[in-house]
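Contents: one structure, followed by commentary.
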Amino acid sequence: KRGYRRVKQQLLLGAGRDRELSIVLAVKGPEHVRAPAAPTPPGPAASATGGLVVRAGVAGARYRLGDSIVGSGKTLRMDAVPVGTYKLVVSAPGRRTSAREVTIQAKRTLEVTVRMRRRRGARRGGSRGKRSASSKNSNDPDQTLNPFRKK
């Protein structure tokens, strides 16, 4: 589709374990994105707009404002957001999802800092990298077995 690039990736999953897969379609182009439709009814105040800056500080963070996905990355900047109250949801792989209500006021920029806490059991540094010594000795049924290892 125009404005998107095609990506093909093979995933290898172990049997018997739940996995999470997130797919985000991001439009190529400038960092600023179009705001979602205003949640307020149309009228003279509906044409008033404000700004929104959200700092999650986590690479791969995804931002939803109201019913629209509005961006991704460590920081989100939006201009011309229609005045009103929205539900802001920020999520990232390996982190707890954060949700809160934000109110956009005319001719003002609201700045929000979101603390993205790690999910229980999420490893530092993501899923890449070497396993720690303690995980090598675990009873993980998906762990690779070494038939030549001495017990």
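Data overview
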quantity	calculated
Pairs with Cβ under 8 Å, 6+ apart, first in the range 76-104 and buried (at least 20 other Cβ atoms within 10 Å of the Cβ), second hydroxyl-bearing (S, T, Y) and part of a loop (DSSP other than H, G, I, E, B)	P82/T40; G84/T40; V90/T97; S91/S22; S91/T97
Matching residues in the range 89-119 - criterion: being among the hydrophobic types (A, V, I, L, M, F, W, C) and over 15 Å from G50 (Cα atoms)	V89, V90, A92, A99, V114, M116
Those strands (runs of 3 or more DSSP E) lying entirely in the range 56-101 with at least 3 residues over 13 Å from V112 (Cβ atoms) and either at pLDDT 90 or above or of a type outside the set (V, I, T) (or both)	68-72, 75-82, 84-91
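The values are calculated or read from the model by the stated rules, or taken from the named source; none is laboratory data. All values reported here derive from a predicted model rather than from experimental measurement. Here the Cβ is made from the backbone with ideal geometry for all residues, glycine too, and neighbour counts use every protein chain on show.
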